[in-house]
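Okay, so here's the structure we're looking at.
Here, each number is a calculation from the coordinates, and none is a lab measurement. As the structure is a computational prediction, the values presented were derived from the model and not from experiment. Glycine also receives a Cβ, built like all others from the backbone with ideal geometry; neighbour counts cover every protein chain displayed.
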Amino acid sequence: MKVRHYGLACRSEESADRFYEKILDLKKSERKIVPAALCQPLFGIPSDLTVLNYAGDGVHFEVFIHHGLQPASGSPAHLCLEVENLDALLERSRAMGFPVIRVPRGDQWITFIQDYDGNLFEIKAGGS
């Protein structure tokens, strides 16, 4: 089995760009509109949605722009990403105001960052 892409939602293209391009260092490529005729039966959303694609380094996100989205909270749902330079990513995240959550576990740390819309990403250093 192979994951083809991850579908997530953000409230604005600007917040998606700041997180996926500037924090995760992914490239934005295709933009498309999913019509309400598909959004209603698939997601229960009665309007068109813009979908932005961010990809690089073996990962692909489809980010649905949903202006009425309420930020997620209190959920253990997350994606785990492996990055080459954990310290640099955490520094960029903090500098741009993204929440960084670090909890010690034995002699290691469990590290999460959160985007503007409450999506959680567990971050591991390459080789961890």
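Does D107 meet the test of being on the phi < 0 side of the Ramachandran plot and in contact with a Leu (Cβ under 9 Å, 6 or more places away or on another chain)? Lay out the reasoning, then the answer.
Values: on the phi < 0 side of the Ramachandran plot: yes; in contact with a Leu (Cβ under 9 Å, 6 or more places away or on another chain): no.
So D107 fails the test.
Suppose the filter is of a type in the set (S, T, N, Q) and touching a helix residue (DSSP H, G or I) at 6+ places or on another chain (Cβ under 7 Å); does S47 pass it? Full working, then the answer.
Numbers: of a type in the set (S, T, N, Q): yes; touching a helix residue (DSSP H, G or I) at 6+ places or on another chain (Cβ under 7 Å): yes.
It is true that S47 is of a type in the set (S, T, N, Q) and touching a helix residue (DSSP H, G or I) at 6+ places or on another chain (Cβ under 7 Å).
Just wondering, is there one or more residues in the range 46-55 that are over 22 Å from K2 (Cβ atoms) and of a type in the set (F, W, Y)?
Within the range 46-55, not a single residue is over 22 Å from K2 (Cβ atoms) and of a type in the set (F, W, Y).
Using the structure shown, decide if S29 is touching a residue at least 12 places away in the same chain (Cβ under 8 Å), over 27 Å from T111 (Cβ atoms) and of a type in the set (S, T, Y). Full working, then the answer.
Details: touching a residue at least 12 places away in the same chain (Cβ under 8 Å): yes; over 27 Å from T111 (Cβ atoms): yes; of a type in the set (S, T, Y): yes.
For S29, the condition - touching a residue at least 12 places away in the same chain (Cβ under 8 Å), over 27 Å from T111 (Cβ atoms) and of a type in the set (S, T, Y) - is met.
When the residues of the range 82-122 are filtered to those that are under 20 Å from D57 (Cα atoms) and of a type in the set (F, W, Y), which remaining residue is surrounded by the most Cβ atoms within 10 Å (Cβ to Cβ)?
Residue satisfying both the conditions and the ranking: F121.
Kindly establish whether A16 is under 26 Å from N85 (Cβ atoms), of a type in the set (G, A, S) and surrounded by 17 or more Cβ atoms within 10 Å (Cβ to Cβ). Quick ask: steps written out before the conclusion?
Working: under 26 Å from N85 (Cβ atoms): yes; of a type in the set (G, A, S): yes; surrounded by 17 or more Cβ atoms within 10 Å (Cβ to Cβ): yes.
So A16 fits the description; yes.
Say whether the condition of being more than 30 Å from P35 (Cβ to Cβ) and aromatic (F, W, Y) is met by at least one residue in the range 82-104. Explain how you work it out, then say what you get.
As a first pass, look at the range 82-104 and keep what is more than 30 Å from P35 (Cβ to Cβ): 82-104.
Still in the list and also aromatic (F, W, Y): 98.
Scanning the range 82-104, I find at least one residue that is more than 30 Å from P35 (Cβ to Cβ) and aromatic (F, W, Y), so the answer is yes.
Of all residues in the range 19-45, how many are buried (at least 16 other Cβ atoms within 10 Å of the Cβ) and polar (S, T, N, Q)? Spell out how you get there, then give the answer.
Step one: filter the range 19-45 for residues buried (at least 16 other Cβ atoms within 10 Å of the Cβ), giving 19-20, 23-26, 28, 34, 39, 45.
Those left that are additionally polar (S, T, N, Q): none.
Looking only at that region, the number is 0.
From the list V83, V51, which one is in contact with an Asp or Glu (Cβ under 9 Å, 6 or more places away or on another chain) and either in contact (Cβ under 8 Å) with a residue 40 or more places away in the chain or over 14 Å from A9 (Cβ atoms) (or both)? Break it down stepwise before answering.
Details: V51 fails: either in contact (Cβ under 8 Å) with a residue 40 or more places away in the chain or over 14 Å from A9 (Cβ atoms) (or both).
Checking each option against the conditions leaves just V83.
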